[in-house]
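**Student:** Quick one: the structure is below, and I'll ask about it shortly.
The values are calculated or read from the model by the stated rules, or taken from the named source; none is laboratory data. Here the structure is a predicted model, which means the values were calculated and not measured. Note that each Cβ is placed from the backbone with ideal geometry, even for glycine, and that neighbours are counted across all protein chains shown.
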Amino acid sequence: MSCRCRSANIVQQRLCCSLRFRCKGICRKFAPSKGCTMTEILGLYPDFFDFPGFARLGLRLALNLAFTAMIVLGVYVRRYGKNEYIFTYFMFNAITFALCFLLRKVPIELGFALGLFAVFGILRYRTEAIRTQDLTYMFVVIGLAILNAVANKKVSLAELLLVNGSIVFLTAMLERLPMFRRDQSRVVTYDNMDIIRRNDREALIEDLRTRTGINIQRVSVGSVNLLRDTAQVTVYFPEEDPN
């Protein structure tokens, strides 16, 4: 069967015929009188620029990045003072958003795609010791990306803003509550046995604060070495303080 793609451009016509785009295929469906375009050959949307779709993508992406910045920069960095995971959080968020938003328009199971993404993420980060708090923030930014990407016309803008704002507010409030804060601990060798013998906790804490420069909240005395006149003391201090 001969190819009946009609085009004034001989290159387009030969390319169309070589790829076997028959009259019942892409050439006839989109442009029977103009020949094949590159977007049709690649199986993409026929128009080069879809303004409504582009505007929707831009607004969703801006909304997603804005609330992600509130979580990462406004809560995480201010709470823990760590910058090593900022790049990771933003990239995970952006890639997850793009993955979910674009895959809504193609015939593929969204769960399958997210599963692959999660597997690669686990394989990457299982080699490093990540704290529970850092991993929790990673799930939060991934969840924000999925939420802002898959919301459809049944979800109003007010509802989307309310959910995003609630996540940011809840994260900030829980980080501020003392009951959710976990103290770090270190074991130090203490040599002032006079304070140990007097069992003066306040003086012991004040002396350790002066020596270490750490905002120590409480202490517990462990083993005592009578030969060296030292004791093993466990000190507890908030997480935001330096190690």
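**Student:** Taking PRO46, is it on the phi < 0 side of the Ramachandran plot, modelled with pLDDT of 55 or more and either outside the structural domain of THR136 (by TED's automatic domain parsing) or surrounded by fewer than 12 Cβ atoms within 10 Å (Cβ to Cβ) (or both)?
**Tutor:** Considered against the rule, which asks whether it is on the phi < 0 side of the Ramachandran plot, modelled with pLDDT of 55 or more and either outside the structural domain of THR136 (by TED's automatic domain parsing) or surrounded by fewer than 12 Cβ atoms within 10 Å (Cβ to Cβ) (or both), PRO46 comes out as yes.
**Student:** Looking at the range 219-243, which of its residues are closer than 29 Å to GLY81 by Cα, in contact (Cβ under 8 Å) with a residue 24 or more places away in the chain and not hydroxyl-bearing (Ser, Thr, Tyr)?
**Tutor:** Result: VAL233, VAL235, PHE237, PRO238, GLU239, GLU240, ASP241, PRO242, ASN243.
**Student:** Of the numbered conditions (1) surrounded by 13 or more Cβ atoms within 10 Å (Cβ to Cβ); (2) at pLDDT below 85; (3) touching a Leu at 6+ places or on another chain (Cβ under 7 Å), GLY121 satisfies every one except a single condition; which is it?
**Tutor:** So the condition that GLY121 fails would be (3).
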